[in-house]
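Scroll down for the structure; my scribbles are underneath it.
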Amino acid sequence: MIAPILMLGAGRMGGAMLEGWRAARAFQPSDLMIRDPSPGPAALAAAEAGAMLNPPDAELARARTVVLAVKPQLWREAAAETASWLAEDAVIVSIAAGVKAAEISREFGGRPVARIMPTTAAAIGRGTASVYADDPAALSRAHALFEPLGTVVDLADEAHMHAATAVSGSAPAYLYAFIEALEGAGAAAGLSPEDARALARSTIIGAAALLAATDEDPAELRRQVTSPGGTTEAALNVLFQGKGGLPDLLREAVTAAVRRSKELGA
């Protein structure tokens, strides 16, 4: 049994999960308990619908699943405050970047742990969740939580969580930064800021939807819209030129994110 579900932290990512579950009607509000000293709109909406917000310690024993959704720097504090109150058969599902499952399990009294690296598109049912668990029950619990929120990818090795964080968990910010820069470039080329905004956003959203609809390789889709000697080729020559081009830049960005993920778990 997955419920009741105890959310430790309901910030941006925890809030996105709450919104996604509510939209998908994955769980009854009464199945949710939320602990957050500064609850945001998603937590408050869940509470208004019937979730228990900041329950007393004694209530925590009812939780079958505990979602550790606090900031990585605060996870030990959250464990210390709650572990002794939890049922022995509670399962921990952690979205704390960089923190190893064995370390989390130890602080939560040896309970089984699944590690997840989700994305905030979970709020609209289009999230991506990278999952690692060496305990079958924990893996099953993670799937039950995140399948209603989008795509779930199981990782064979916990060490791959650092790369998954860099390639998936952090990647929405890369895309938003790209769109931000494209809007600025459009305005610099003479478009009004409003037109640059509308064109850049609509085009990127449409291209992503086409990728999803056709399941084509991105390289093939790129070739299909790149005429020899045309405008697209001229732009791509700049993006891909030599050392420091887009492929090298993204490798450096992912490497930096992997390094930071390891530091957070140290």
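List of remarks:
- Residues of segment 35-94 classified as out of contact with any helix residue (DSSP H, G or I) (no Cβ under 9 Å at 6 or more places or on another chain), over 12 Å from Leu8 (Cα atoms) and among the aliphatic types (A, V, I, L, M), total: 1
- Out of Ala23, Ala42, one residue alone is in the same structural domain as Thr119 (by TED's automatic domain parsing), under 25 Å from Gly150 (Cβ atoms), touching a Leu at 6+ places or on another chain (Cβ under 7 Å) and of a type in the set (Gly, Ala, Ser). It is Ala42.
- Unique residue being among the hydrophobic types (A, V, I, L, M, F, W, C), under 23 Å from Ser84 (Cα atoms) and under 17 Å from the mean Cα position of the chain (by Cα) when the list is Ala10, Ala61: Ala10
- Where a residue in segment 169-192 is touching a residue at least 12 places away in the same chain (Cβ under 8 Å) and its partner, wherever it lies, is surrounded by fewer than 13 Cβ atoms within 10 Å (Cβ to Cβ) and among the hydrophobic types (A, V, I, L, M, F, W, C), with Cβ under 9 Å and at least six apart: Leu175/Ala208
- Boolean, Ala187 is modelled with pLDDT of 95 or more, within 30 Å of Pro72 (Cα to Cα) and outside the structural domain of Pro72 (by TED's automatic domain parsing): no
- Gly98 surrounded by fewer than 18 Cβ atoms within 10 Å (Cβ to Cβ) and not charged (D, E, K, R): no
- Of all residues in segment 243-261, those that are more than 17 Å from the chain's Cα centre (by Cα), part of a helix (DSSP H, G or I) and basic (Lys, Arg) total 2.
- Among the candidates Ala166, Ala129, Ala185, Ala219, residue that is touching a Phe, Trp or Tyr at 6+ places or on another chain (Cβ under 7 Å) and either in a loop (DSSP other than H, G, I, E, B) or of a type in the set (Gly, Ala, Ser) (or both): Ala129
- Options Ala144, Ala122, Ala137; residue that is assigned to a helix (DSSP H, G or I), in the same structural domain as Gly9 (by TED's automatic domain parsing) and surrounded by fewer than 14 Cβ atoms within 10 Å (Cβ to Cβ): Ala137
- Selection from segment 7-60 of residues that are closer than 16 Å to Thr119 by Cβ and either of a type in the set (Ser, Thr, Tyr) or touching a strand residue (DSSP E or B) at 6+ places or on another chain (Cβ under 6 Å) (or both): Gly14
- Listed by first and then second residue, the pairs linking a residue in segment 208-237 that is closer than 23 Å to Ala189 by Cα to a residue that is of a type in the set (Ser, Thr, Tyr) and not in a helix (DSSP H, G or I), with Cβ atoms under 8 Å apart and 6 or more places separating them unless they lie on different chains, are Thr232/Thr226; Glu233/Thr226; Glu233/Ser227; Leu236/Thr226.
- Extreme residue, surrounded by the most Cβ atoms within 10 Å (Cβ to Cβ), among residues of segment 227-241 that are of a type in the set (Gly, Ala, Ser) and assigned to a helix (DSSP H, G or I): Ala235
The values are calculated or read from the model by the stated rules, or taken from the named source; none is laboratory data. Small disclaimer: the values here were computed from a predicted structure and weren't measured. For neighbour counting, all protein chains shown are included, and Cβ atoms are generated from backbone atoms with ideal geometry for every residue, glycine included.
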